[in-house]
Each structure stands twice: as C-alpha cells, then as structure tokens.
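Single-structure report; data block below.
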Amino acid sequence: MTSVLDLAPVVPVVVLEDAADAVPLARALVAGGLPAIEVTLRTPAALDCVRAIAAEVPDAVVGAGTVISPAGVNDAVAAGARFLVSPGWTDALLDAMAASGIPFLPGVSTASEVVALLERGVSEMKFFPAEAAGGTAYLKSLGAPLPQARFCPTGGITSASAPSYLALGNVGCVGGTWMLPADALAAKDWGRVETLAREAAGLRR
C-alpha cells in the first residue's frame with residue numbers, strides 16, 4: 001500500500017458517537033478527495049465505525065487512531081483498520097504495531113523520541129500535539145539533523161495553518177478535524193463535509 005503520508009494532504013481525525021454516521025461520513029470524505037480516514041478509538045462506537053467503513057466504503061482507507069495498547073492494536077486490526085496511529089509509543093506498543101502487518105504512525109513530540117524510532121527502523125511518525133509541541137518551527141528544526149524522518153502533524157491544526165505545515169519537506173500530510181464541524185455532524189450535513197473535504201484536499205503543495 002502507498003504510504004499513509006502520501007494518500008492525501010490531510011487525514012481527517014474522526015470522533016463518532018454513533019456508528020450509523022460512519023458510512024455516510026466516510027463517503028462524503030472520500031468524495032471530497034480525502035480517502036485516508038483516522039477513526040479515533042475514543043468512543044464506544046469507534047470499532048463499529050471502523051468495521052462499517054471497511055465493509056461498505058471500499059474507496060476509503062480507514063485507520064484507527066488513539067491506539068495506546070497492544071490490545072487496541074489487535075482490536076483495530078480485527079475490525080478492519082488498514083493503518084494505526086498512536087499519540088505516543090512504548091516498546092510494547094511499537095512491537096504490537098510492527099507485528100500487525102499494517103502501516104502505523106507512532107506519535108512523537110521530542111527529538112529523542114524520533115531518534116529512538118529511527119533506531120528501531122521506523123521513519124514515518126505522527127507529530128503530536130503539533131501546535132502545543134512547537135508547530136512548524138519545531139518540525140523545521142528537526143529536518144536538518146533528522147532528514148530521514150517524515151511526519152503527519154496532528155493537534156490544533158486548522159485550515160489556515162495547514163499549508164505552512166505542508167510546505168515543510170519532512171511533512172507528508174497533516175491530521176485535522178476542521179472539515180468535520182460539530183454542527184455539520186449533528187445535522188448529518190454530509191454535503192457540507194464533502195465541500196470542506198474538497199477544500200482540504202486542494203491544499204496539496
């Protein structure tokens with residue numbers, strides 16, 4: 001599979017309370033040009049959402065986010081996730097993600113964590129929480145000593161700030177929620193989601 005970092009400029013970070021919303025939401029995102037969809041394992045419905053998208057939206061590349069344990073890795077893979085994202089990592093979590101057989105983006109926020117992952121043979125990672133951890137200035141600073149590391153920054157990124165991240169050579173894509181406004185989800189306004197997704201997809205540098 002193509003690297004998760006290269007599927008689209010933006011990976012929508014989805015938090016859903018109702019599994020019935022998963023398929024229409026995923027279809028709207030795919031129609032807008034955002035096929036990689038990270039469903040965060042923060043709600044009781046999350047795994048059912050992953051299952052539904054995997055089964056019913058073939059053009060979507062659905063992943064599981066907020067994966068923080070080996071058990072979470074197993075649950076996500078069993079539900080049909082095609083990639084994994086974690087906010088941080090431990091040796092046990094990294095081993096489980098590596099053994100899963102699917103792509104994964106372990107989370108980092110310091111140079112030492114990046115070096116430790118490179119030492120383990122992992123060169124693609126999530127930078128989280130992006131804005132709070134130093135934003136574009138921090139990522140640009142990492143680029144010179146650690147050019148082999150590529151990132152998906154996530155956390156506090158908006159449609160206004162995304163282009164500055166995407167302009168960095170060590171950023172493959174960004175994660176965000178701005179194309180999923182709460183009022184649109186509450187109203188099940190999938191047309192608006194598709195429009196916002198299309199605008200996000202157009203941010204490719």
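Quick one: in region 31-74, which of the residues that are touching a residue at least 60 places away in the same chain (Cβ under 8 Å) and either touching a helix residue (DSSP H, G or I) at 6+ places or on another chain (Cβ under 6 Å) or among the hydrophobic types (A, V, I, L, M, F, W, C) (or both) is farthest from Val108 (Cα to Cα)?
Residue satisfying both the conditions and the ranking: Ala31.
On the basis of being among the basic types (Lys, Arg), surrounded by fewer than 16 Cβ atoms within 10 Å (Cβ to Cβ) and either in a helix (DSSP H, G or I) or within 17 Å of the chain's Cα centre (by Cα) (or both), does Arg198 make the cut?
no
Any idea which of Lys188, Lys126 is of a type in the set (Lys, Arg) and surrounded by 18 or more Cβ atoms within 10 Å (Cβ to Cβ)?
Every option except Lys126 fails the conditions.
Considering only residues that are touching a Gly at 6+ places or on another chain (Cβ under 7 Å) and of a type in the set (A, V, I, L, M, F, W, C), look in region 63-102 and name the one that is surrounded by the most Cβ atoms within 10 Å (Cβ to Cβ). Before the answer, list the steps.
Keep residues of region 63-102 that are touching a Gly at 6+ places or on another chain (Cβ under 7 Å), which gives 81-89.
In the following step, the residues that additionally are of a type in the set (A, V, I, L, M, F, W, C) were identified as 81, 83-85, 89.
On the way: Ala81: 28, Phe83: 25, Leu84: 26, Val85: 30, Trp89: 24.
Taking the candidates together, the pick is Val85.
Looking only at region 15-30, count how many residues are in contact with a helix residue (DSSP H, G or I) (Cβ under 6 Å, 6 or more places away or on another chain) and aliphatic (A, V, I, L, M).
7
All but one of (1) farther than 17 Å from Pro129 by Cβ; (2) under 14 Å from the mean Cα position of the chain (by Cα); (3) surrounded by fewer than 19 Cβ atoms within 10 Å (Cβ to Cβ) hold for Trp178; state the number of the condition that does not hold.
Failing condition for Trp178: (1).
Is there a residue in region 137-158 that is surrounded by fewer than 21 Cβ atoms within 10 Å (Cβ to Cβ), closer than 29 Å to Glu17 by Cα and over 17 Å from the mean Cα position of the chain (by Cα)?
no
Answer yes if at least one residue in region 19-36 is among the hydrophobic types (A, V, I, L, M, F, W, C) and under 17 Å from Met125 (Cα atoms), and no otherwise.
Yes.
Do any strands (runs of 3 or more DSSP E) lying entirely in region 1-96 carry at least 2 residues that are β-branched (Val, Ile, Thr) and farther than 18 Å from Arg198 by Cα, and which ones are they?
Passing ranges, in order: 36-40.
Restricting to region 160-200, count the residues that are polar (S, T, N, Q) and touching a residue at least 40 places away in the same chain (Cβ under 8 Å).
Qualifying residue count, region 160-200: 2.
No lab work stands behind these numbers, since they all come straight from the coordinates. What you are looking at is a predicted structure, and each value in this text was computed from that prediction instead of being measured. Cβ: placed from backbone, ideal geometry, glycine included. Neighbour counts: every protein chain shown.
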